[in-house]
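Take a look at the structure set out below.
All of the numbers you see were taken from the coordinates with simple rules; none came from a lab. Fair warning: this is a prediction, and the values are worked out from it, not measured in the lab. We place every Cβ from the backbone using ideal geometry, glycine too, and count neighbours over all the protein chains shown.
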Amino acid sequence: MLLAERSMHQESPSLGLTPLAGDQLLDSLRGQKANRQLFDVGLAGGLRAWLNDACFQARDASETPLVITKKMVVGGRKSLPSTLTYAFVRGALVATLFRLFVTSGKSENPFADACAVLFSEPQHQETANFVATLAARDLRGLEREIVLHARNLESRWPVLSPTWMPRTGVAMAAALDGGRVILRGMADLAIGQPNKEVPSICLVSVRSTPLHHAHREELRFLGLIETLRSGVPPFRLATYSTLTGEVLAEAVTEELLKNTVMNTIAAIDQEGLPK
């Protein structure tokens with residue numbers, strides 16, 4: 001059995017969402033403008049104080065910050081697997097492919113282009129080595145999968161208006177307790193013009209698999225980081241599967257952010273501040 005076949009067989013089952021494309025997908029990202037909630041200008045400060053109090057309870061003399069990632073918040077231990085897997089490498093290539101597609105459009109050789117961009121990043125040298133050592137038939141299988149995701153994007157993903165200011169690969173971080181704890185993540189796409197008075201940003205995460213509930217929790221963590229770092233929550237969060245065309249999209253509410261704070265505090269307690 002090919003690596004690709006084993007990987008796809010082990011994925012979590014789909015939530016049974018209806019695939020979206022074109023204007024329907026665009027509407028899902030955009031939501032109803034009339035339904036956007038006004039936010040409490042003190043919300044970000046209150047959430048930060050709540051988190052800082054939790055960090056203070058675990059204070060020690062170490063100068064090494066504790067970095068909390070989305071994987072920790074949903075129950076994992078690390079952002080990267082200790083041993084690279086086919087599924088991880090495929091996901092990294094698809095995320096890179098998505099960013100290329102949003103900024104440059106259709107690619108004539110999506111596998112080669114995604115590899116060239118991803119492997120140029122120093123932190124993905126192990127990923128490059130993993131692909132370089134794949135057996136010939138597994139390498140062909142991986143290329144076929146990436147091409148499939150590329151064609152799905154071409155047929156489903158809508159054209160984003162330049163006025164939405166689409167930004168790909170957005171690194172995000174928020175420091176807590178004087179920098180002793182750092183919340184860190186990356187959004188595959190951010191759209192919308194920043195506004196200090198009205199929530200106006202939609203954060204998008206891309207997946208190469210069918211969607212499941214943990215994907216929603218991971219993106220909510222990024223929504224919390226955006227709220228802390230800008231003082232304004234995003235108005236919408238959307239996770240998109242390039243495999244199935246499914247979308248998990250939701251409005252950002254105060255309750256959603258408070259629940260995410262509780263999950264983040266649980267992760268901080270579990271990881272513990274460095275000794």
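Where does each of Leu26, Leu222, Leu142 land when they are ranked from fewest to most other beta-carbon atoms within 10 angstrom?
Listing Leu26, Leu222, Leu142 from fewest to most nearby Cβ atoms yields Leu26, Leu142, Leu222.
Across the chain, how many lysine pairs separated by 8 or more positions, or lying on different chains, have Cα atoms within less than 20 Å?
Lysine pair count for the chain: 5.
If you build the convex hull over the alpha carbons only and average its shadow over all orientations, what do you get for region 78-156? Give it in nm² to one decimal.
Result: a mean projected hull area of 5.4 nm².
Return Thr18, Thr127 ranked ascending by Cβ neighbour count within 10 Å, so the fewest neighbours appear first.
With the fewest neighbours first, Thr18, Thr127 line up as Thr18, Thr127.
Near the amide H of Met165, under 5 Å away, which other amide H atoms are found, from residues 5 or more places off or on another chain, if H is placed in the peptide plane?
So Met165 has HN proximity to Gly192.
Where does each of Arg229, Arg137 land when they are ranked from fewest to most other beta-carbon atoms within 10 angstrom?
Neighbour counts put them in this order, fewest first: Arg137, Arg229.
Report relative contact order for the chain in percent, whole number only (criteria: Cα-Cα under 8 Å, sequence separation at least 6).
Normalised by residue count, the contact order of the chain is 30 percent.
Binning at 10 angstrom from zero up to the longest distance, how are the C-alpha pair distances of region 142-275 distributed in percent?
Result, from short to long distances: 11, 39, 33, 14, 3, 0 percent.
Got a sec? Charge dipole of the chain, +1 on Cβ for Lys and Arg, -1 for Asp and Glu; which of Val181, Ile146, Val41 is way out at the positive end?
Working it through, the farthest residue towards the positive pole turns out to be Ile146.
For the chain, rounded, prolate or oblate, judged on the Cα gyration tensor with a ≥ b ≥ c (square roots of eigenvalues), a/c < 1.5 rounded, else prolate if a/b > b/c?
Oblate is the answer for the chain, as a/c is 1.5 or above yet b/c matches or exceeds a/b.
With +1 assigned to the C-beta of every Lys and Arg and -1 to the C-beta of every Asp and Glu, and no other charges, what is the dipole magnitude of the chain about the Cα centre in debye, to the nearest 20?
Charge dipole of the chain: 100 debye, to the nearest 20.
Percent relative contact order of region 78-156, based on C-alpha pairs within less than 8 angstrom and at least six residues apart?
It rounds to 39 percent for region 78-156.
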